[in-house]
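A.B. asks: Dropping a structure here in structure tokens format, bear with me for questions.
The values are calculated or read from the model by the stated rules, or taken from the named source; none is laboratory data. Note that this is a predicted model, so its numbers are computed, not measured. Using ideal geometry, Cβ is built from the backbone for each residue, glycine included, and neighbour counts are taken over all protein chains shown.
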Amino acid sequence: ELKDVESVAKALQGRDVDLLDVRQWFDELIALKPQFETHLGSRAEILHSPDFESGCVHVLRGRQDHLTRAEKTALGPFIKLAGDATVESDDEDLSFVERHRKRRRIAGPAVSYEQLMTIPPTSNVVERLFNVTRVTFGHQRQGLQPATLDMILFLRENRGYWDSSTVNSIN
């Protein structure tokens, strides 16, 4: 059991993890050991917005038609209405009423949540930052001004955007 928990903890620190992955891993851990429900469940006390998380998971699973009212409200800022669909020209043999019904059915308000796939679970980003902070602060806390420590942490956390020659050229 401990190996399963450890593998999930390591996987959470990856960069290509989304909310759906995390929820599936946590659900599998809960299935193995039901006591984890209080800490890892979809309604655990640690969650800031359980409706947002469960709504994201529903959408990422392709089940956005199963969203509750609270989940729809939580995901409201991410809604993107699909553009109007055009009626195909091969419907000329349909009557006026049938074409109108088909146009209304096709052009119904299709809702998509495109940006949800880009939202990383915050725990892995925050956990990574705290790990870097702990290492940096533990070794270099003596005699550092807060602004210097802040700059070191910023540079270490975002080191993928530049190299040492870029940093030296700024000074």
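A.B. asks: Considering the range 29-53 alone, what residues qualify as being charged (D, E, K, R) and surrounded by fewer than 13 Cβ atoms within 10 Å (Cβ to Cβ)?
C.D. replies: Passing the criteria: 33, 43, 45.
A.B. asks: Take the residues in the range 54-63 that are part of a loop (DSSP other than H, G, I, E, B) and either at negative phi or touching a Phe, Trp or Tyr at 6+ places or on another chain (Cβ under 8 Å) (or both), then tell me which one is surrounded by the most Cβ atoms within 10 Å (Cβ to Cβ).
C.D. replies: Among those residues, the one meeting the criterion is 61.
A.B. asks: Right, something else. If we only count helices (runs of 4 or more DSSP H) wholly inside the range 104-171, which ones have 1 or more residues that are modelled with pLDDT under 65? First the steps, then the outcome.
C.D. replies: Working: elements: 122-140, 146-157, 164-170.
Qualifying helices (runs of 4 or more DSSP H): 122-140.
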